[in-house]
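Written below as structure tokens is the structure these notes are about.
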Amino acid sequence: MDRYPGDQFPYAAFFWPAIVAASAAETASSVAAQLLGFSADADGAGPAKEPEGATPSTIALDLHSVRLRDFTVGGSGVPALLCPPLALHGAAIADLAAGHSLVDALHGAGIERLFMADWRSASADMRFLGIDEYLADLNVLVDHLGGLVDLVGLCQGGWLSLVYAGRFPAKVRKLVMAGAPIDIAAQQSGLSVIAEATPRFVFESLVKSGDGLVIGRKVAPFWGNETDPNDIRNAL
């Protein structure tokens with residue numbers, strides 16, 4: 001176990017028998033939150049500053065849950081709309097730095113009319129938003145761009161793009177998905193093994209401890225890169 005530095009999740013595996021033995025109701029949620037240390041304000045950390053993208057852009061539209069970033073450098077025709085993960089990290093993940101930017105790569109490939117849905121990180125007043133609300137805002141962005149786009153969905157934004165294309169097929173000329181969790185059973189991964197081995201009430205505890213939100217800094221140690229699925233599976 002000493003290969004996991006700091007407060008990585010496997011140390012909490014010792015507590016799993018106690019968690020699993022508890023009922024899956026209020027007691028289980030309380031026990032899970034206390035033993036795993038998932039208190040929304042446990043570390044007193046405030047909201048993290050969102051990173052800035054590497055490519056200059058302007059805000060073409062500003063909505064409650066999303067901003068439309070304009071990376072257009074000229075041209076005409078059907079615009080391309082990047083849809084990165086929603087309500088998680090900032091859209092800068094698609095524009096991290098020179099040489100590590102999908103925006104720059106698409107510009108280099110000749111796409112001049114390029115936009116991005118810059119989803120806002122979820123806040124307490126957004127905890128009741130569902131897929132329909134995000135689809136509605138995405139639809140507003142598409143209509144703002146003329147009602148027809150080439151949609152590029154990344155990760156979580158990939159399944160949202162797929163659902164959008166299924167609901168509004170006439171508004172999507174081309175659909176591209178990268179790393180989208182459409183069928184997580186198609187190929188098993190370490191993360192899917194860990195998720196399957198995790199009791200449902202632990203997920204519920206994560207949401208409850210964040211007052212309706214899943215706090216990213218709390219989840220990272222829980223499903224960190226060095227978490228061994230066997231440690232969790234064997235502890236259950």
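Summary table below
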item: Hits in segment 184-215 (condition: touching a Pro at 6+ places or on another chain (Cβ under 9 Å), under 25 Å from Leu102 (Cβ atoms) and part of a loop (DSSP other than H, G, I, E, B)); result: none
item: Close pairs (9 angstrom Cβ cut-off, 6 or more residues apart or separate chains): surrounded by 15 or more Cβ atoms within 10 Å (Cβ to Cβ) and modelled with pLDDT of 90 or more in segment 89-111, among the charged types (D, E, K, R) and not in a helix (DSSP H, G or I) anywhere; result: Ser101/Asp95; Leu102/Asp95; Val103/Arg69; Val103/Asp95; Asp104/Asp95; Ile111/Asp150
item: Filter pass, Gly130 being more than 21 Å from the chain's Cα centre (by Cα) and surrounded by fewer than 16 Cβ atoms within 10 Å (Cβ to Cβ); result: no
item: Gly212 touching a helix residue (DSSP H, G or I) at 6+ places or on another chain (Cβ under 9 Å) and of a type in the set (Gly, Ala, Ser); result: yes
item: Of the criteria (1) surrounded by 16 or more Cβ atoms within 10 Å (Cβ to Cβ); (2) outside the structural domain of Gly75 (by TED's automatic domain parsing); (3) of a type in the set (A, V, I, L, M, F, W, C), which one Ile184 fails; result: (1)
item: Within segment 194-223, tally of residues that are modelled with pLDDT under 70, over 22 Å from Met126 (Cα atoms) and surrounded by fewer than 16 Cβ atoms within 10 Å (Cβ to Cβ); result: 1
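The values are calculated or read from the model by the stated rules, or taken from the named source; none is laboratory data. What you see is a predicted model; the values in this text were computed from it and never measured. Neighbour counts run over all protein chains shown; Cβ positions are idealised from the backbone, glycine included.
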